Structures are given as structure tokens and as C-alpha cells.
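Worksheet: the structure to be examined is printed underneath.
The values are calculated or read from the model by the stated rules, or taken from the named source; none is laboratory data. Computed from a predicted structure; not experimentally measured. Cβ coordinates were reconstructed from backbone atoms using ideal geometry, including for glycine residues, and neighbour counts include every protein chain displayed. Side chains included, ligands, DNA and RNA excluded: accessible areas come from the protein's heavy atoms. Shrake-Rupley method; radii C 1.70, N 1.55, O 1.52, S 1.80 Å.
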Amino acid sequence: LVIKMEEIFAGIVLYNPDIERLKENVEHISGQVSKVVFVNNGSNNTQEIEDYVKKISNSIYIDLHDNKGIATALNVILKEAVKNSVKWVLTLDQDTVCFDDIIDNYRGYLDLDNVGQLTCVYKDRNFNDDNSRLLKDKVKKVPWCITSAALVNVDAWKAVNGFDEKLFIDEVDYDICLSMRENGYFIYQIGFVGFIHEIGEGKVVNVAGHNIKTWNHSPFRRYYSTRNAMLVARKHKELNSFKAFLGAVKHIFIIFLFEDTKWKKLKAGVKGLVAGIGERI
């Protein structure tokens, strides 16, 4: 008797990827899934990407010819899964490197109650955090998870009308987790270390004995992270808009103290704050 395993796709959004890091990413995941879906979001090194992707036997390549934002690209990946009647998709950042047992580890939890997404513990390249405290629970419901190396239930994605394309980039992962939970789905963190990842060019600054993390995002990212923090807070009842406002102001202040190109980032942050308060949701 041959039991057919549930098909799983992996999806990677590409935007000017470092090809060597992308290769490392793909080498570790392609053998664990049926297909790897690549969505090119207007990269400058498209020829290099295409030359590489052609060599991957189980790849699907889609070029959007322009930067449509992370949310749109993720929706393109999930639609590809729907087209192929696949119910689970591992969403990956282009520089994420999974361990070789991530899919096997996730497979044991596909039948949990109302799964929206499965996530696991990761190691951040920029920090020496000890994540062992996160491993004490085999399975834990969490409020949200990052997109990278999350296993998305396609039915849950459909139920919330996909990733919110208005957000473009930043808070896209947080928003869909909130939407899923509002629709009766859960985000489960499984207690194993499954991948290596980095957020921005993070560093820790010690001020009077307090460690402050700073991400060193570009002014472009700073605009969207500030704008979207406000939009998402206004969109979801669980969140408090005033707290989101204070959080955004705190981040702008930290950037001004500890990061470079501060005036550009300050201007972008303030512009994002104004847009996030004023835009229709």
C-alpha cells in the first residue's frame, strides 16, 4: 500500500537577490517540496535569475516585470498552488536558508485544529539570541509569525482574501495572521529550529545597560513600515491605534539616535506616519 504524501509547494519572492545566497536557499528546500515557485518582482539581475532557475528541475518561474510589492507576489505564488490543487505552501524570503528537515517536521502537524499557518523557531544571522526558551513547547498557538518559512494553509489564505496588496511591503505577515485569527484559524509555532534568517541589517546598541535592537532599514522601507503599522492597527480591532502611533514614534526616535542617513529616514518615517493615519483602509 503506497500512501501518497500531501503535496507541498515552496514559494520565493525575488527582488535583486544575491544569487549565491539564493542558491543556498534553493539547494536546501527544492528536494523537500514538489515545486519551487519563483516570482520575480522587477529585479535588476533578471538574466542571472533566469539562467539559474532554468537549472532547477522542479521550478515554476513567473516574472512580474516590475516591483509589485511582497503582498502581490505572495498572492501570485498562492494562486499557482490553487491552480495545481496544492493545499500547503512554504513561503520563503530569498535569503532564508531552511534546514533539511523543515518539511518533515511540519508534516506531523498538518491536521491540527484550524491551521492558518505553521511556523517554527529560527536563528537570526544578525543576533546571537538564545532561542532555546522557545523550544520548550512542542506546539504553541502564537498571535502571528513572519512570512519566511511559514507553511500557509491555502484554504485559510482564501478565507481572508489573500495578502493585503495595499500594504506593498512590511506588516504583510502580521496583517494576514490577524485576518486568519479573526476568521477562526490559528497560527501554530512548532518547537524546532527550522531555518536561518535575517531582518534588515540588525544590530544591538547598549544604552545604560539596556539592549536596543535597530534594523537599519532604508528610508523606502522606513516609510512603509511606519505607514503600515498605522494602517494595520486601524484595520484590526485587536490592535490599538494610539499604541501603534507611540510605537512608530519610538522607532523613529531610535533611528534618529542610532542609525545613519537619519534625516532621510526621519522624513520617510514622518511621511509614513501621516499617510498611515490619513489613508482609507
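What's the ranking of 157-163, 72-78, 54-60 by average number of surrounding C-beta atoms within 10 Å, highest first?
72-78, 157-163, 54-60
What relative contact order, as a whole-number percentage, does the chain give when Cα pairs under 8 Å and 6 or more residues apart are counted?
Relative contact order comes out at 17 percent.
Tell me the angle of helix 70-83 to the major Cα principal axis of the chain, expressed in degrees between 0 and 90 and rounded to the nearest ten.
Once rounded, one gets 20 degrees.
Looking at this model, which pairs from Lys35/Lys271; Lys79/Lys235; Lys79/Lys141; Lys123/Lys271 are more than 31 angstrom apart at the alpha-carbon?
With Cα atoms farther than 31 Å apart: Lys35/Lys271; Lys123/Lys271.
What is the gain in length, in nm to one decimal, between Glu165 and Asp111 on full extension, counting 0.36 nm per residue of separation less the C-alpha to C-alpha distance?
16.5 nm
Run the dipole for segment 15-99 about the Cα centre, Lys and Arg Cβ at +1, Asp and Glu Cβ at -1, nothing else charged, and hand back the magnitude in debye, nearest 20.
For this selection, approximately 480 debye.
Helix 19-29 sits at what angle to the longest principal axis of the chain, using alpha carbons and giving 0 to 90 degrees rounded to 10?
Tilt of helix 19-29: around 50 degrees.
In nm, give the distance between the simple-model label positions of Lys262 and Val274, each being 7 Å from the Cα along the Cα-to-Cβ direction.
According to this spin-label approximation, the distance is 2.1 nm.
Given a 1.4 Å probe, how much area per residue of the chain is accessible, in Å²? Don't jump to the answer; show the numbers that get you there.
Numbers: 14130 Å² over 281 residues.
Solvent-accessible surface per residue comes out at 50 Å².
Report in % the part of the accessible area of the chain that belongs to carbon and sulfur, leaving out ligands and nucleic acids; probe 1.4 Å.
Whole-percent figure for carbon plus sulfur exposure: 53.
(1) -0.43, -0.66, -1.10, -1.43; (2) -0.62, -0.86, -1.13, -1.24; (3) -0.40, -0.60, -0.99, -1.29: which one is log10 I(q)/I(0) by the Debye sum over Cα atoms at q = 0.09, 0.11, 0.14, 0.16 Å⁻¹ as calculated from this entry?
Correct label, based on the coordinates given: (1).
Per 0.36 nm of contour for each residue apart, how much would the distance between Arg21 and Lys136 grow if the chain were fully extended, relative to their Cα-Cα spacing?
Going from the current span to full extension adds 38.3 nm.
Quick check on segment 1-139: take the gyration tensor over C-alpha atoms, sort the square-rooted eigenvalues as a ≥ b ≥ c, and tell me if it's rounded (a/c under 1.5), prolate or oblate. The partial results should precede the final answer.
On the way: a/c = 1.76, a/b = 1.27, b/c = 1.39.
Because a/c hits 1.5 or more and a/b fails to exceed b/c, segment 1-139 counts as oblate.
Measure off 7 Å from each Cα along the Cα-to-Cβ vector at Lys54 and Val82, then give the distance between these two points in nanometres to one decimal.
3.2
Please work out the FRET efficiency for the pair Tyr61 and Phe220, using the Cβ-Cβ distance as r and a Förster radius of 25 Å; give the result to the nearest 0.05.
Working: r = 26 Å, r/R0 = 1.03.
Computed FRET efficiency for Tyr61 and Phe220: 0.45.
In whole Å, what is the distance between the alpha-carbon centres of segment 86-113 and segment 26-62?
One Cα centre to the other: 17 Å.
Round to the nearest 10 and give me the degree value, 0 to 90, for the angle of helix 172-182's Cα axis relative to the longest principal axis of the chain.
70
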